[in-house]
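First the structure, in the form of structure tokens, and then the observations on it.
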Amino acid sequence: MGYTMRDVYGVMLKDYPDVMNIEEMSRALGVSTKTGYKLLRTGKITAMKVGRTYRIPKVHLLTYLRVLDADRAS
């Protein structure tokens, strides 16, 4: 059974803020912060840099998950 982005948002990401820091994003994806930074550095996940910290809107994480899902399906 496939999941919709609404399912992901409602189940997986519901406890996270609309704009996350790197630690929250990494925890949501189940990856290390080192991998989280690599995802940002390579442009796989779009983020905003505020001062010295990254801010990742939840919608950008959903976009990444959608692309990842589409890549797996093909």
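How tilted is helix 58-73 with respect to the longest principal axis of the chain? Cα atoms for both, answer in degrees (0 to 90, nearest 10).
The angle comes out at about 50 degrees.
Between residue 11 and residue 41, 0.36 nm times their residue separation minus their Cα-Cα distance comes to what?
Extra length available between residue 11 and residue 41 comes to 8.1 nm.
Would you mind calculating the gained length between residue 48 and residue 27 on full extension (0.36 nm times residue separation, minus the Cα-Cα distance), in nm to one decimal?
Gain in length upon complete extension: 5.7 nm.
With a bin width of 10 angstrom, please list the P(r) values of segment 20-70 as percents of all Cα-Cα pairs, from the 0 bin to the one holding the largest distance.
Bins of 10 Å from zero give 27, 63, 9, 0 percent of pairs.
With the other protein chains left in place, how much accessible area per residue, in square angstrom, belongs to the chain at a 1.4 angstrom probe?
73
Which residues' amide hydrogens lie under 5 Å from the amide hydrogen of residue 20, considering only partners 5 or more residues apart or on another chain, with H built in the peptide plane?
When sequence neighbours closer than 5 places are left aside, the close amide H contacts are 56, 58.
The values are calculated or read from the model by the stated rules, or taken from the named source; none is laboratory data. Values in this document were obtained by computation on a predicted structure and should not be read as measured data. Only protein heavy atoms, including side chains, enter the accessible area calculation; ligands, DNA and RNA are left aside. Shrake-Rupley method; radii C 1.70, N 1.55, O 1.52, S 1.80 Å.
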